[in-house]
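Notes for the one structure printed next.
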């Protein structure tokens, strides 16, 4: 065995960090990514519903493609040029943008943990972050879930408006 291997008996008295710290972080990160994916999908569906209201012009189909931030910007443009479109009234653009930025930090940041004390930081190209606890990830996840639900409700209510009501 190597003299640097934690399973070596000479390291029996070394206080290693609890492996649950990383495991709990991974679980919280997974929940956050799933919640963001829900927002991402419904952002596309929202654009598709807007395009239906515009009679599906072929030259605008590309509005529903591209990166998250491109589609977010496309929804903002649709809102600006068609303010009467009730489908877009409840979209919280500032919140969606901020949540996407937070998601990018945690999704692309490297999890660097001190093997002894257990504290950790996320390392991105631009900076180091030590403020993404499991509690904070869960708070971001709840915010994402609320935004996904708001998008879903807008889409569902729009679908109800499309139903023909029998006299």
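The values are calculated or read from the model by the stated rules, or taken from the named source; none is laboratory data. What you see is a predicted model, and the numbers here were worked out from it, not measured in a lab. Heads up, the Cβs are rebuilt from the backbone with ideal geometry, glycines too, and the neighbour counts pull from every protein chain shown.
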Return yes or no: is residue 42 free of Cβ contacts under 8 Å to residues at least 60 places away in the same chain and either surrounded by 15 or more Cβ atoms within 10 Å (Cβ to Cβ) or touching a strand residue (DSSP E or B) at 6+ places or on another chain (Cβ under 9 Å) (or both)? no
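The rows are residues; the columns are (1) surrounded by 13 or more Cβ atoms within 10 Å (Cβ to Cβ); (2) at pLDDT 95 or above; (3) over 23 Å from residue 114 (Cα atoms).
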| site | (1), (2), (3) |
| --- | --- |
| 4 | no, no, no |
| 17 | yes, no, no |
| 24 | yes, no, no |
| 48 | yes, yes, yes |
| 51 | yes, yes, yes |
| 62 | no, yes, yes |
| 66 | yes, yes, yes |
| 78 | yes, yes, yes |
Just one of the numbered conditions (1) in a helix (DSSP H, G or I); (2) touching a helix residue (DSSP H, G or I) at 6+ places or on another chain (Cβ under 6 Å); (3) at pLDDT below 90 is not true of residue 10; which one? (2)
Conditions (1) over 18 Å from the mean Cα position of the chain (by Cα); (2) surrounded by fewer than 13 Cβ atoms within 10 Å (Cβ to Cβ); (3) over 30 Å from residue 15 (Cα atoms); (4) modelled with pLDDT of 90 or more: number failed by residue 94: (1)
Out of the residues in segment 130-148 that are farther than 15 Å from residue 36 by Cα and touching a helix residue (DSSP H, G or I) at 6+ places or on another chain (Cβ under 7 Å), state the one that is surrounded by the most Cβ atoms within 10 Å (Cβ to Cβ). 132
Kindly provide the set of residues from segment 97-114 that are surrounded by 12 or more Cβ atoms within 10 Å (Cβ to Cβ) and over 15 Å from the mean Cα position of the chain (by Cα), ordered by number. 111, 112, 113
